[in-house]
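Here is the structure we will look at.
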Amino acid sequence: MSAKGTRVFITGATGFLGCALARSLSENGAEVHAVARGTSDRRVLDGLAVTWHEAEVASRSQLTRVLASAEWIIHAAGRLGQSNVPEELYFHVNVEGTRNVLAAAMDTGSRPRVLHLSSPGVLGPTSREPASEDAPLAPGNPYERSKAAAELVAREFAARGLDVTIARPGFVYGPGDRHVLNLFRALRRGQFFYINGGRSQCQPTFISDAVAGMLRCLHQGSAGEAYHIVGPRAVTFRELGETIAGVLGVRSPWLSVPRWVAETAARGSEAVAHLIGWTAPLSRTGVDFFSEDRVFSWQKAHNELGYTPQYDLAAGITRTAAWYRERGWL
């Protein structure tokens, strides 16, 4: 299915994933419409032929007006996981926002094709065996619980006849990202340490692979189905840390602490940050991330959609570090 000439509306178009999708679609001839809050920084899409629309995901009426002519909709807006965020705020943005977007899509009457961006984190921590999409939902923190609940909303609308597919991009990094940038900076400064020896596994996904996989979900995915869009293989956090350090030309991390020590430090860091209104440099959610396995199978997306991730860790980290350096961020 070609995107050329298709009217695509993207919520959260100024975020990392939304921006990358908007750029790819625009470069491939789609008519891109970016849906964003009035306070969003629109400079990330400078130079692209993008039509801007101001709307809040909290307002179904605004969304219905904006999305009236949509042929495709990508719902990428959402609140990312961070410390000291009340769970009800995650649900307000990630769950009710999703309900409003999908209800607005139904309101159009034309029933556009919709891609809902979720996260493999809805399955919670995994074993070393890659978890498939049919594993039971088992979210482990407020952010993951809100994303799991949003998926249930998407499936509800699919059952009502809306052509909505769920993509689960996981641990995405690369040019355009500022979130994983903090990990690069910590490693460059020698401030990164391992938890439990860095033995836990993650599955980094380079942004080009993530975009290719998400667009395959949009073009070919089945309504109501979820697809893991993740990197080619699982790596330990030790391998991740050593790879980034090698690309940056700095000493590899050497310090390792038990998980209970990191959790104690995180509780103290969060308490102080809450008192002074800062973001905690170490959070309990972060400790969980670096000390639990999160390994996911991409075979369903491969078998049904033809998705095959292309970037191994070293190639992706090298390109990402170069992009950061070009901008003076490292």
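The values are calculated or read from the model by the stated rules, or taken from the named source; none is laboratory data. None of these values were measured; they are calculated from a predicted model. No Cβ is skipped: glycine too gets one built from the backbone with ideal geometry, and neighbour counts run over all protein chains shown.
Would you confirm, using the coordinates I've provided, whether Glu31 is among the acidic types (Asp, Glu) and closer than 14 Å to Ala105 by Cβ? It is false that Glu31 is among the acidic types (Asp, Glu) and closer than 14 Å to Ala105 by Cβ.
So, in region 122-151, exactly how many residues are over 18 Å from Leu89 (Cα atoms) and of a type outside the set (D, E, K, R)? So the count comes out to 12.
In the list Val101, Val66, Val57, Val122, which residue meets the criterion of being within 30 Å of Ala280 (Cβ to Cβ) and in a helix (DSSP H, G or I)?
Val122
Please tell me if Arg185 is of a type outside the set (Gly, Ala, Ser), assigned to a helix (DSSP H, G or I) and over 27 Å from Cys19 (Cα atoms). Steps first, please.
Working: of a type outside the set (Gly, Ala, Ser): yes; assigned to a helix (DSSP H, G or I): yes; over 27 Å from Cys19 (Cα atoms): no.
Judged against the criteria, Arg185 is not a match.
Pairs meeting the criteria (first residue in region 40-53 and over 16 Å from Ala77 (Cα atoms), second residue aliphatic (A, V, I, L, M) and not in a strand (DSSP E or B), beta carbons under 8 Å, at least 6 apart or on different chains) are Leu48/Ala22; Val50/Ala13; Val50/Ala22. Filtered by the rule that a residue be crowded, with 18+ Cβ neighbours inside 10 Å and among the acidic types (Asp, Glu), region 140-162 gives Glu144, Glu151.
Among the residues in region 214-221, are any touching a residue at least 12 places away in the same chain (Cβ under 8 Å), surrounded by fewer than 20 Cβ atoms within 10 Å (Cβ to Cβ) and more than 24 Å from the chain's Cα centre (by Cα)? Within region 214-221 (the criterion being touching a residue at least 12 places away in the same chain (Cβ under 8 Å), surrounded by fewer than 20 Cβ atoms within 10 Å (Cβ to Cβ) and more than 24 Å from the chain's Cα centre (by Cα)), the answer is no, since none of the residues qualifies.
Of the listed requirements (1) over 22 Å from the mean Cα position of the chain (by Cα); (2) modelled with pLDDT under 95, Arg325 misses just one: (2). Within region 97-156, the only residue that satisfies the criterion of being acidic (Asp, Glu), modelled with pLDDT under 95 and closer than 21 Å to Ile73 by Cα is Asp107.
Considered as a group, the residues in region 157-178 that are part of a strand (DSSP E or B) and under 16 Å from the mean Cα position of the chain (by Cα) include one that is farthest from Ala131 (Cα to Cα), and that residue is Tyr173. Residue count for region 125-149 satisfying the condition of being in contact (Cβ under 8 Å) with a residue 60 or more places away in the chain, closer than 24 Å to Asp209 by Cβ and not charged (D, E, K, R): 7.
When the residues of region 188-206 are filtered to those that are part of a loop (DSSP other than H, G, I, E, B) and among the polar types (S, T, N, Q), the one that is nearest to Ser119 (Cα to Cα) is Gln203. Among the candidates Ala58, Ala77, Ala104, Ala70, the residue that is under 29 Å from Glu270 (Cβ atoms), buried (at least 17 other Cβ atoms within 10 Å of the Cβ) and not hydroxyl-bearing (Ser, Thr, Tyr) is uniquely Ala77. Would you pick out the residues in region 226-259 that are part of a loop (DSSP other than H, G, I, E, B) and either buried (at least 16 other Cβ atoms within 10 Å of the Cβ) or in contact with a Ser or Thr (Cβ under 6 Å, 6 or more places away or on another chain) (or both)? Result: Val230, Gly231, Pro232, Ala234, Pro253.
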